[in-house]
Amino acid sequence: MVLSMVRQALVRHGMVRAGETVLVAVSGGVDSVVLLHCLHRLGPSLGFGLHVAHLDHGLRGEAGAADAAFVRELAGSLGLPATVGHLPPGALAARGRSLQAAARAARYAFLAEAARGAGATRIAVAHTADDAAETVLMNLLRGSGPAGLRGIPPIRDPQVIRPLLAVRREQVEAFAAAHRLPFRPDPSNADPRFLRNRIRQRLLPFLEKEFNPRVVECVARAARLLEADHVYLEGEAASVPGGIPLEASALRALAAPVRRRVLLRVLWGALPAGSRVRLEHVLAAEALLEPWGGRGAVRLPGGLEARIEGERLTVGPPGRVGPDPPPLPVTLPLDGEARWGSFRAAATLAREAGGGSVERPEGGRGVWSVVLDADRLRPPLTIRGWRPGDAYRPAGAAGRRKVQDLFTDAKVPRDRRRRLPVLADGAGVLWVAGFRPDARAAATAGTARTLTLRVREEPADAL
C-alpha cells in the first residue's frame, strides 16, 4: 500500500524524471527510513538514482553522532552514496531565532549544498499526511492567513519533493514493522515544550476521538482547497502594478485579499534584504488606509516605517520616507543564473531555429521570459536598474523609444521603475522586464542560437 502510494505521488505530481538523482534526507527516524526504502525499490523501474544525506545538528551529543553513523551504515547496506554533515554544539543557539526554526534553516541549507555536490536535481523529505495536518492546525492556532493554512505542498521550489505526503504515519509505521526496518527514535518528537508535539500528542488524538476519526484527511482536503484559492489570489495581486509610493486610493479599490497580497509584495520589496514581513505588518499597513489610520505610522523591520503621505503609502526611515536606491548591477552568465534585488534571472543557451521573440508574464505571477538571438549579443550581459537616458528600439516599433516613455505609457509607478530589471550588453539596452526586447537582438525564424532568459520576482511568503 505505502509503496504504491509513493509511486503514485511521484508519477502524479511529476516529482522526478528518468535519469535524475534524488537526494534523500534521512534523519534515521521511521518516516525517512521508510521513504528511503520505498525510493530504493522504485528507482530502478522509474529510472532515477539516489544519494543519501544526513545532518547532525549538534544538539544531542553522542545520540546525534549515533544517528549519523546509523544513516551512513544504512546507505551503505543499500549500496548508496551518503553525505553526512555535522554542526558544532551550540551553533544553532547563536542564530537569533527559535531552536526549531534555526535547525530547519540549517537543515535545508545543508541539503541544498549536498544536492549540488551530488549532482541531485531533487531533494526528497519524509513529511506525511499527519505532518501536514499538524502544520495546518499549528498555523491556525497562530492566526495565519491562507498561505499558512494551505499546509505543506507536495513540491516546493521545485527542488523539494514530498512523496509520503498522502501517507498516514500509522501506515508508515506498519510498513516499517512488516519489513522489519530498523530506525532511530528521536526523543525530541515527544518533548511537550514544542507546539507541534503537543498538537500531535494531545490535540489530534482528541479531535479524532471526540469529533471525527478522519480529521487528518479532512484537514488535508481543506488545505488543498485553500491552496487553489491562494494561487488564484496571488496571481491577481501579481497583476497589480505596485511599488513605493503606492496610491492609497488604488489600494482601497482592491478586494481585501488582493490588497493584502499587494501590500506584502511592496513592503517586502522596500525593506532591507533578509527582512521578514509578517502578517501583523501587512494588517497594520492596511489599517493606515482607513479614515482613522491615515495619520499614523507602522514600524517595520530594519528600523523603517510605513505611513500615508499625500494620499500615498510610503516606506522609509522615521521622519524621512523615500524609496531605496535600486540594487547594484550584476553580471549574468550566458548559461547560468544571477540575482538582482528581489528578482532571480536564469539564462539558457540553445542551438535551435528561432521562432520569434517571447516576452510575457507567466500566469500573472511576476515571471517573465524573453528569447534573444545569442549571436547578436555583445557580452558581458548585465542586469541593472533603469537609468535616465536609457533608450532602445523595441521589436516591431518604428524607432527608438526612451525607457522612461515606455514606463509612462504603461503607467508603471515611479518607484516600481527603479526596481524593474533592465538587461544590457556592450551595445546598450537589450530588454526591460514587462516590455518587448531590442530589435537588434530579438530572435527570429532565422536565428541559429537562442538565449532564453527567465526572470522571476520572489517576495517573502507571509500570508
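The values are calculated or read from the model by the stated rules, or taken from the named source; none is laboratory data. Note that this is a predicted model, so its numbers are computed, not measured. Methodologically, a virtual Cβ is constructed for each residue, glycine included, from the backbone with ideal geometry; neighbour enumeration extends over all protein chains shown.
Are any of the residues in the stretch 220-240 in a helix (DSSP H, G or I) and in contact with a Ser or Thr (Cβ under 9 Å, 6 or more places away or on another chain)? Yes, the conditions are met somewhere in the stretch 220-240.
Looking at Ala120, Ala112, Ala147 in this structure, which one is crowded, with 21+ Cβ neighbours inside 10 Å and either touching a Leu at 6+ places or on another chain (Cβ under 6 Å) or more than 22 Å from Asn189 (Cβ to Cβ) (or both)? It is Ala120. Residue pairs whose Cβ atoms lie under 7 Å apart, sitting 6 or more positions apart in sequence or on different chains, and linking a residue in the stretch 410-430 that is over 23 Å from Arg344 (Cβ atoms) to a partner that is outside any loop (DSSP other than H, G, I, E, B) and modelled with pLDDT of 90 or more, are Gly428/Tyr392.
Scanning the stretch 297-339 for residues that are under 30 Å from Leu453 (Cα atoms), out of contact with any Ser or Thr (no Cβ under 8 Å at 6 or more places or on another chain) and among the hydrophobic types (A, V, I, L, M, F, W, C), we see that the one that is modelled with the highest pLDDT is Leu334. Is there a residue in the stretch 186-207 that is polar (S, T, N, Q) and either part of a loop (DSSP other than H, G, I, E, B) or at pLDDT below 90 (or both)? Checking the stretch 186-207: at least one residue is polar (S, T, N, Q) and either part of a loop (DSSP other than H, G, I, E, B) or at pLDDT below 90 (or both). In the stretch 60-78, the residue that is surrounded by the fewest Cβ atoms within 10 Å (Cβ to Cβ) out of those that are in a helix (DSSP H, G or I) and not small (Gly, Ala, Ser) is Glu62.
Can you confirm whether the stretch 32-55 contains a residue that is farther than 25 Å from Val6 by Cα, among the small types (Gly, Ala, Ser) and free of Cβ contacts under 8 Å to residues at least 40 places away in the same chain? The answer is no, given that none of the residues of the stretch 32-55 is farther than 25 Å from Val6 by Cα, among the small types (Gly, Ala, Ser) and free of Cβ contacts under 8 Å to residues at least 40 places away in the same chain. Is the stretch 245-258 home to any residue that is under 17 Å from the mean Cα position of the chain (by Cα), buried (at least 16 other Cβ atoms within 10 Å of the Cβ) and under 29 Å from Asp131 (Cβ atoms)? No: the stretch 245-258 contains no residue that is under 17 Å from the mean Cα position of the chain (by Cα), buried (at least 16 other Cβ atoms within 10 Å of the Cβ) and under 29 Å from Asp131 (Cβ atoms). Among the numbered conditions (1) among the basic types (Lys, Arg); (2) under 21 Å from Val125 (Cα atoms); (3) not assigned by TED's automatic domain parsing to the domain that holds Gln8, the only one that Arg214 does not meet is (2).
Checked against the criterion of being at pLDDT 85 or above, under 22 Å from the mean Cα position of the chain (by Cα) and either crowded, with 19+ Cβ neighbours inside 10 Å or not basic (Lys, Arg) (or both), the candidates Ala346, Ala395, Ala350 yield just one match: Ala346. All conditions in (1) touching a Phe, Trp or Tyr at 6+ places or on another chain (Cβ under 6 Å); (2) assigned to a helix (DSSP H, G or I) hold for Val277, with the sole exception of (2).
When each of Leu87, Leu10, Leu92, Leu78 is tested for being closer than 16 Å to Ile123 by Cβ and among the hydrophobic types (A, V, I, L, M, F, W, C), the lone residue that passes is Leu10.
Scanning the stretch 171-214 for residues that are charged (D, E, K, R) and touching a residue at least 40 places away in the same chain (Cβ under 8 Å) turns up Glu173, Arg184, Asp186, Arg196, Arg200. Here is the figure for the stretch 1-30: residues that are in contact with a strand residue (DSSP E or B) (Cβ under 9 Å, 6 or more places away or on another chain) and among the hydroxyl-bearing types (Ser, Thr, Tyr) total 2. Just one residue in the set His51, His57, His37 is in contact with a His (Cβ under 9 Å, 6 or more places away or on another chain), of a type outside the set (A, V, I, L, M, F, W, C) and either surrounded by fewer than 17 Cβ atoms within 10 Å (Cβ to Cβ) or at pLDDT 95 or above (or both); that residue is His37. Among the residues of the stretch 50-107, the ones that are in contact with a helix residue (DSSP H, G or I) (Cβ under 6 Å, 6 or more places away or on another chain) and among the basic types (Lys, Arg) come to 1 in all.
Scanning the stretch 118-172 for residues that are outside any helix (DSSP H, G or I) and of a type in the set (D, E, K, R) yields a total of 7.
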